[in-house]
Amino acid sequence: MNLPANHDVFVHIRLIIGMVTSLAMARLLNGIAKFVQHPKKIQIYPVHMGWVLTLLLFLVHFWWWEFHLIDVVTWTFEGYLLIISYAISFFFLSTILFPDHMEEYAGYKEYFNSRKKWFFAILASTFIIDLLDGFIKGNAYVAALGPEMPIRNCVYFSVCLAAMFINSEKFQRAFVAIAFIYEISWIFRLYHTVQ
(Lines give C-alpha, C1' and ligand atoms only; values in the text may rest on other atoms or scores of the structure.)
Protein backbone atom coordinates (compact mmCIF):
# COMPACT_ATOMS: atom_id res chain seq x y z
CA MET A 1 0.00 0.00 0.00
CA ASN A 2 1.46 3.33 -1.06
CA LEU A 3 0.74 6.01 1.50
CA PRO A 4 0.60 9.65 0.44
CA ALA A 5 3.68 11.77 1.21
CA ASN A 6 1.68 13.73 3.78
CA HIS A 7 0.60 10.60 5.68
CA ASP A 8 2.84 11.21 8.70
CA VAL A 9 1.67 14.81 9.00
CA PHE A 10 -1.95 13.67 8.64
CA VAL A 11 -1.53 11.07 11.41
CA HIS A 12 0.15 13.59 13.71
CA ILE A 13 -2.50 16.25 13.21
CA ARG A 14 -5.35 13.78 13.43
CA LEU A 15 -3.95 12.40 16.69
CA ILE A 16 -3.81 15.83 18.32
CA ILE A 17 -7.27 16.79 17.08
CA GLY A 18 -8.61 13.40 18.19
CA MET A 19 -7.30 13.95 21.73
CA VAL A 20 -9.00 17.34 22.08
CA THR A 21 -12.20 16.07 20.45
CA SER A 22 -12.29 13.00 22.69
CA LEU A 23 -11.98 15.20 25.80
CA ALA A 24 -15.00 17.19 24.63
CA MET A 25 -16.97 14.05 23.84
CA ALA A 26 -16.06 12.49 27.21
CA ARG A 27 -17.26 15.62 28.99
CA LEU A 28 -20.64 15.42 27.26
CA LEU A 29 -21.05 11.68 27.81
CA ASN A 30 -20.13 11.99 31.50
CA GLY A 31 -22.65 14.80 31.83
CA ILE A 32 -25.40 12.74 30.22
CA ALA A 33 -24.51 9.82 32.48
CA LYS A 34 -25.20 12.01 35.55
CA PHE A 35 -28.83 12.35 34.45
CA VAL A 36 -29.09 8.58 34.34
CA GLN A 37 -27.26 8.12 37.63
CA HIS A 38 -29.28 10.73 39.54
CA PRO A 39 -32.65 11.13 37.78
CA LYS A 40 -34.37 12.61 40.84
CA LYS A 41 -31.51 14.90 41.84
CA ILE A 42 -30.74 16.46 38.46
CA GLN A 43 -33.61 17.78 36.36
CA ILE A 44 -33.25 17.94 32.60
CA TYR A 45 -33.72 21.32 30.94
CA PRO A 46 -34.80 20.66 27.31
CA VAL A 47 -32.83 23.54 25.75
CA HIS A 48 -29.66 22.51 27.59
CA MET A 49 -30.12 18.84 26.71
CA GLY A 50 -30.90 19.78 23.12
CA TRP A 51 -27.55 21.56 22.85
CA VAL A 52 -25.79 18.65 24.55
CA LEU A 53 -27.17 16.27 21.90
CA THR A 54 -26.52 18.73 19.07
CA LEU A 55 -22.95 19.30 20.20
CA LEU A 56 -22.44 15.55 20.49
CA LEU A 57 -23.68 15.26 16.89
CA PHE A 58 -21.30 18.07 15.82
CA LEU A 59 -18.42 16.20 17.47
CA VAL A 60 -19.27 12.85 15.89
CA HIS A 61 -19.58 14.60 12.52
CA PHE A 62 -16.25 16.40 13.01
CA TRP A 63 -14.51 13.15 13.92
CA TRP A 64 -15.97 11.50 10.81
CA TRP A 65 -15.00 14.45 8.63
CA GLU A 66 -11.37 14.26 9.83
CA PHE A 67 -10.78 11.43 7.35
CA HIS A 68 -10.89 14.11 4.63
CA LEU A 69 -7.75 15.70 6.07
CA ILE A 70 -5.72 13.02 4.29
CA ASP A 71 -6.55 14.90 1.07
CA VAL A 72 -4.64 17.97 2.27
CA VAL A 73 -1.39 17.80 0.29
CA THR A 74 0.47 20.65 2.00
CA TRP A 75 -0.13 21.62 5.60
CA THR A 76 0.46 25.18 6.76
CA PHE A 77 0.52 26.37 10.33
CA GLU A 78 -2.54 28.53 9.60
CA GLY A 79 -4.51 25.51 8.43
CA TYR A 80 -3.41 23.50 11.44
CA LEU A 81 -4.24 26.40 13.80
CA LEU A 82 -7.77 26.68 12.41
CA ILE A 83 -8.43 22.94 12.70
CA ILE A 84 -7.11 22.74 16.28
CA SER A 85 -9.03 25.95 17.20
CA TYR A 86 -12.18 24.31 15.89
CA ALA A 87 -11.59 21.26 18.11
CA ILE A 88 -10.72 23.45 21.11
CA SER A 89 -13.93 25.43 20.68
CA PHE A 90 -15.90 22.17 20.97
CA PHE A 91 -14.04 21.39 24.18
CA PHE A 92 -14.95 24.79 25.62
CA LEU A 93 -18.58 24.36 24.58
CA SER A 94 -18.65 20.98 26.34
CA THR A 95 -17.25 22.46 29.55
CA ILE A 96 -19.81 25.24 29.43
CA LEU A 97 -22.63 22.71 29.07
CA PHE A 98 -21.31 20.59 31.94
CA PRO A 99 -19.40 22.70 34.47
CA ASP A 100 -17.32 21.23 37.28
CA HIS A 101 -19.69 22.56 39.94
CA MET A 102 -23.36 23.51 39.95
CA GLU A 103 -23.86 24.38 43.64
CA GLU A 104 -24.69 28.04 43.07
CA TYR A 105 -27.45 27.25 40.54
CA ALA A 106 -30.92 25.81 41.08
CA GLY A 107 -30.54 23.62 38.00
CA TYR A 108 -29.46 23.49 34.37
CA LYS A 109 -32.08 26.00 33.25
CA GLU A 110 -30.71 28.72 35.51
CA TYR A 111 -27.14 27.71 34.74
CA PHE A 112 -27.58 27.59 30.94
CA ASN A 113 -29.35 30.95 30.86
CA SER A 114 -26.54 32.49 32.93
CA ARG A 115 -23.91 31.17 30.47
CA LYS A 116 -25.78 31.41 27.17
CA LYS A 117 -23.82 34.47 25.99
CA TRP A 118 -20.56 32.55 26.39
CA PHE A 119 -22.03 29.43 24.83
CA PHE A 120 -23.45 31.13 21.76
CA ALA A 121 -20.40 33.38 21.30
CA ILE A 122 -18.11 30.34 21.17
CA LEU A 123 -20.58 28.42 19.00
CA ALA A 124 -20.72 31.39 16.59
CA SER A 125 -16.92 31.40 16.43
CA THR A 126 -16.90 27.76 15.27
CA PHE A 127 -18.78 28.75 12.12
CA ILE A 128 -16.34 31.58 11.39
CA ILE A 129 -13.40 29.19 11.94
CA ASP A 130 -15.06 26.72 9.56
CA LEU A 131 -15.47 29.41 6.89
CA LEU A 132 -11.86 30.57 7.26
CA ASP A 133 -10.66 26.97 7.09
CA GLY A 134 -12.63 26.43 3.90
CA PHE A 135 -11.17 29.50 2.24
CA ILE A 136 -7.62 28.53 3.26
CA LYS A 137 -8.18 25.14 1.60
CA GLY A 138 -9.05 27.00 -1.59
CA ASN A 139 -11.87 27.80 -3.96
CA ALA A 140 -12.07 24.22 -5.24
CA TYR A 141 -12.77 22.94 -1.70
CA VAL A 142 -15.47 25.55 -1.06
CA ALA A 143 -16.97 24.96 -4.52
CA ALA A 144 -17.13 21.20 -3.84
CA LEU A 145 -19.31 21.91 -0.79
CA GLY A 146 -21.58 24.12 -2.87
CA PRO A 147 -23.10 27.49 -2.02
CA GLU A 148 -24.88 26.04 1.00
CA MET A 149 -21.72 25.94 3.17
CA PRO A 150 -21.03 29.69 3.37
CA ILE A 151 -24.76 30.45 3.63
CA ARG A 152 -25.15 27.83 6.38
CA ASN A 153 -22.25 29.22 8.37
CA CYS A 154 -23.36 32.85 8.02
CA VAL A 155 -26.91 31.99 9.09
CA TYR A 156 -25.67 29.96 12.07
CA PHE A 157 -23.33 32.80 13.06
CA SER A 158 -26.14 35.36 12.89
CA VAL A 159 -28.64 33.24 14.80
CA CYS A 160 -26.03 32.46 17.48
CA LEU A 161 -25.45 36.20 17.95
CA ALA A 162 -29.20 36.74 18.26
CA ALA A 163 -29.54 33.80 20.68
CA MET A 164 -27.09 35.49 23.03
CA PHE A 165 -29.70 38.18 23.72
CA ILE A 166 -33.08 36.55 23.06
CA ASN A 167 -34.61 35.17 26.23
CA SER A 168 -37.68 33.63 24.62
CA GLU A 169 -37.99 29.97 25.56
CA LYS A 170 -39.79 29.27 22.26
CA PHE A 171 -36.94 30.80 20.29
CA GLN A 172 -34.31 28.84 22.22
CA ARG A 173 -36.18 25.54 21.79
CA ALA A 174 -36.80 26.18 18.10
CA PHE A 175 -33.17 27.08 17.46
CA VAL A 176 -31.75 23.93 19.04
CA ALA A 177 -34.38 21.69 17.39
CA ILE A 178 -33.73 23.16 13.95
CA ALA A 179 -29.94 22.99 14.46
CA PHE A 180 -30.14 19.30 15.40
CA ILE A 181 -32.38 18.34 12.47
CA TYR A 182 -30.40 20.44 10.01
CA GLU A 183 -27.09 18.91 11.15
CA ILE A 184 -28.45 15.40 10.52
CA SER A 185 -29.54 16.53 7.05
CA TRP A 186 -26.14 18.17 6.39
CA ILE A 187 -24.25 15.02 7.42
CA PHE A 188 -26.28 12.65 5.26
CA ARG A 189 -26.30 14.93 2.24
CA LEU A 190 -22.58 15.81 2.23
CA TYR A 191 -20.66 13.36 4.39
CA HIS A 192 -22.56 10.08 4.33
CA THR A 193 -19.57 8.14 3.00
CA VAL A 194 -15.84 8.67 3.29
CA GLN A 195 -14.21 8.57 -0.14
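The values are calculated or read from the model by the stated rules, or taken from the named source; none is laboratory data. On a predicted model such as this, the values are computed, not experimentally measured, just so you know. As a convention, Cβ positions derive from the backbone with ideal geometry for all residues, glycine included, and neighbour counts pool all protein chains shown.
Miscellaneous remarks
- Of F175, F188, all but one fail to be surrounded by fewer than 16 Cβ atoms within 10 Å (Cβ to Cβ) and not hydroxyl-bearing (S, T, Y); the exception is F188.
- Scanning region 138-195 for residues that are basic (K, R), in contact with a helix residue (DSSP H, G or I) (Cβ under 8 Å, 6 or more places away or on another chain) and more than 21 Å from V60 (Cα to Cα) yields a single hit, R173.
- Looking only at region 161-195, residues that are at pLDDT below 95 and among the acidic types (D, E) come to 1 in all.
- Residue match in region 172-190 (condition: among the hydroxyl-bearing types (S, T, Y), in a helix (DSSP H, G or I) and more than 16 Å from the chain's Cα centre (by Cα)): no
- Residues of region 68-116 that are of a type outside the set (G, A, S), in a helix (DSSP H, G or I), in contact (Cβ under 8 Å) with a residue 40 or more places away in the chain and over 23 Å from L29 (Cα atoms): H68, L69, I70, E78, Y80, L82.
- Single residue of V36, V11, V20 found to be loosely packed, with under 15 Cβ neighbours inside 10 Å and either within 15 Å of the chain's Cα centre (by Cα) or at pLDDT below 85 (or both): V11
- Failed item in (1) under 23 Å from F120 (Cβ atoms); (2) touching a residue at least 60 places away in the same chain (Cβ under 8 Å), with F35 passing the rest: (2)
- Residues that are at pLDDT below 95, under 19 Å from W118 (Cβ atoms) and in contact with an Asp or Glu (Cβ under 9 Å, 6 or more places away or on another chain), drawn from region 46-84: F58
- Of all residues in region 42-59, those that are at negative phi have Cβ atoms under 6 Å from Cβ atoms of residues that are acidic (D, E), 6 or more apart or on another chain, in L57/E183.
- Within region 29-77, the set of residues being closer than 23 Å to F188 by Cβ and among the small types (G, A, S) comprises G50 only.
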